[in-house]
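> My questions will all concern the structure given below.
The values are calculated or read from the model by the stated rules, or taken from the named source; none is laboratory data. The model shown is predicted, which means the values in this text are computed figures rather than measured ones. Neighbour counts run over all protein chains shown; Cβ positions are idealised from the backbone, glycine included. Ligands, DNA and RNA are stripped out before the accessible areas are found, and what is left, the full protein with its side chains, is counted by its heavy atoms. Shrake-Rupley method; radii C 1.70, N 1.55, O 1.52, S 1.80 Å.
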Amino acid sequence: MAIVTLGIDLAKNVFAMHGVDATAHTALQRPCVPRAKLLEAVAGIPPCLIGMEACSGAHHWARLFEAQGHTVRLMAPKFVSPYRMSGRRGKNDAADAAAICEAVTRPKMRFVPVKSVDQQGELVVHRARQAFVQQRTATINRIRGFMSEFGIVLPLKASTVRREALHHLEDLPGWANTVINDLLSELHHLDDRVAQYDHHIQVIAHESTAVKQLMQLPGVGPATATALVAMIGRGQEFRCGRQLAAWLGLVPGQYSSGGKQRLGRITKAGDPYLRTLLILGARSVLAAAKGKSDPVSTWAMALEKRAGYWKTVVAIAAKNARMCWAVLNRGESFKLPA
């Protein structure tokens, strides 16, 4: 029988394939496929539905398989594991491939859109910038820690650490002076790197119409807009803006039972980088809302009085996520309400 559904368990060097026919009987079972022969093995199969977990390299393989006429669906690993018949203790590559093959056929399964080469390239810029920022923060903390060993305690503010560390440099003995001097040089280098990648993001924002439309929203800058477009494209995988907000972890978790509604803290699911950018943008919106009379500012100030600062920030971030989805899905520019 012809293979109609194929599950592939991705890895670095050895892959597993599991295919079923129209009657859901196993038609192909290959637990060990070398990386160099995977494309050839899939090319020998007539066009079918291919399921894979969304992981490193998944989008690359998805583009290659789609070029051969296959229909490719990517799924989050947490949605696949319940379909593993052998359970948690029977995990292996063959069992994972069979679980993927089963999960991809579920009518209510949620799929991850396959990213284009340009989208992944833009995401690489954001990931690299994020790594440089983390290295810079770690270097600042390292300077503070080393200098505290010699009785020089510096505050948390980064600009103050730079200034005071340079001011106290001559007070440090021998090798400590050399180390702190090298760390300050590394800090300057990281500042240049972050500024360079900020410029890259500005160039990406200037070249994209969708990003320009998103940047018209309050609290959405070049970094947030470019990261969102690179991550979800036009947002067609989401039915509504609230689903996007839930995917970003900006909605409260539910612990409801027996007809009683119990809402907890936000779930913090999804990509923490995107959520952080939206939270930072929401803080700027709330800070600028004082003294304004437009509907968004009036709503934000009233909510802050009723619910507090941080709940208001999260609510603004969730609202911005919903508005971002509307702008991307409809392809229209944002219009400030009268």
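> Residue by residue through segment 113-122, note down the ones that are surrounded by fewer than 19 Cβ atoms within 10 Å (Cβ to Cβ) and not in a helix (DSSP H, G or I). Steps first, please.
From segment 113-122, those surrounded by fewer than 19 Cβ atoms within 10 Å (Cβ to Cβ) are 116-121; that's our starting set.
Listed by number, the list holds a single entry, 116.
> Can you tell me which of 55, 32 is out of contact with any Cys (no Cβ under 9 Å at 6 or more places or on another chain) and more than 26 Å from residue 115 (Cβ to Cβ)? Working first, answer last.
Values: 55 fails: more than 26 Å from residue 115 (Cβ to Cβ).
Testing whether each residue is out of contact with any Cys (no Cβ under 9 Å at 6 or more places or on another chain) and more than 26 Å from residue 115 (Cβ to Cβ) leaves just 32.
> Report the residue count in segment 235-256 for those that are more than 13 Å from residue 329 (Cβ to Cβ) and of a type outside the set (Val, Ile, Thr). Step through it out loud before you land on a result.
Step one: filter segment 235-256 for residues more than 13 Å from residue 329 (Cβ to Cβ), giving 245-256.
Keeping just the survivors that are of a type outside the set (Val, Ile, Thr) gives 245-250, 252-256.
So the count comes out to 11.
> Restricting to segment 274-296, and then to whatever is under 28 Å from the mean Cα position of the chain (by Cα) and of a type outside the set (A, V, I, L, M), can you tell me which residue is least open to solvent (accessible area, probe 1.4 Å)?
281
> When you go through (1) open to solvent by less than 70 Å² (accessible area, probe 1.4 Å); (2) in a helix (DSSP H, G or I) one by one for residue 155, which number turns out not to apply?
Every condition holds for residue 155 apart from (2).
> Let me ask another. Among what's in segment 77-104 and is of a type in the set (Gly, Ala, Ser) and either in contact with a His (Cβ under 7 Å, 6 or more places away or on another chain) or assigned to a helix (DSSP H, G or I) (or both), pick the residue that is most open to solvent (accessible area, probe 1.4 Å). First the steps, then the outcome.
Our first condition is that a residue be of a type in the set (Gly, Ala, Ser); within segment 77-104, this holds for 81, 86-87, 90, 94-95, 97-99, 103.
From what's left, either in contact with a His (Cβ under 7 Å, 6 or more places away or on another chain) or assigned to a helix (DSSP H, G or I) (or both): 81, 90, 94-95, 97-99, 103.
On the way: 81: 52, 90: 19, 94: 33, 95: 21, 97: 1, 98: 35, 99: 2, 103: 0 Å².
Top of the filtered list is 81.
> Does any residue in segment 167-184 that is more than 13 Å from residue 143 (Cα to Cα) come within less than 9 Å, Cβ to Cβ, of a residue that is part of a loop (DSSP other than H, G, I, E, B) and open to solvent by less than 70 Å² (accessible area, probe 1.4 Å) six or more places away or on a different chain, and which pairs are these?
171/152
> Just to verify a result, which residue in segment 150-163, among those that are in contact (Cβ under 8 Å) with a residue 12 or more places away in the chain and over 18 Å from residue 134 (Cβ atoms), is nearest to the chain's Cα centre (by Cα)?
152
> Here's another thing I want to ask about it. So which residues in segment 172-182 are loosely packed, with under 15 Cβ neighbours inside 10 Å and either assigned to a loop (DSSP other than H, G, I, E, B) or touching a His at 6+ places or on another chain (Cβ under 8 Å) (or both), if there are any at all?
173
> Within segment 51-72, is there a residue that is among the hydroxyl-bearing types (Ser, Thr, Tyr) and within 22 Å of residue 270 (Cα to Cα)? Steps first, answer last, please.
Narrowing segment 51-72 to residues among the hydroxyl-bearing types (Ser, Thr, Tyr): 56, 71.
If we keep only those that are within 22 Å of residue 270 (Cα to Cα) as well, we get 56.
Yes, the conditions are met somewhere in segment 51-72.
> Out of 161, 125, 72, I need the residue that is modelled with pLDDT of 95 or more, closer than 30 Å to residue 226 by Cβ, assigned to a helix (DSSP H, G or I) and open to solvent by less than 40 Å² (accessible area, probe 1.4 Å). Which one?
Numbers: 161 fails: modelled with pLDDT of 95 or more; 72 fails: assigned to a helix (DSSP H, G or I).
Only one candidate passes the filter, namely 125.
> Scan segment 271-288 and tell me whether some residue there is in a loop (DSSP other than H, G, I, E, B) and touching a residue at least 40 places away in the same chain (Cβ under 8 Å). Walk me through how you get there before you give the answer.
To start, the set of residues in segment 271-288 that are in a loop (DSSP other than H, G, I, E, B) comprises 271.
Filter once more, keeping what is touching a residue at least 40 places away in the same chain (Cβ under 8 Å): 271.
Yes, the conditions are met somewhere in segment 271-288.
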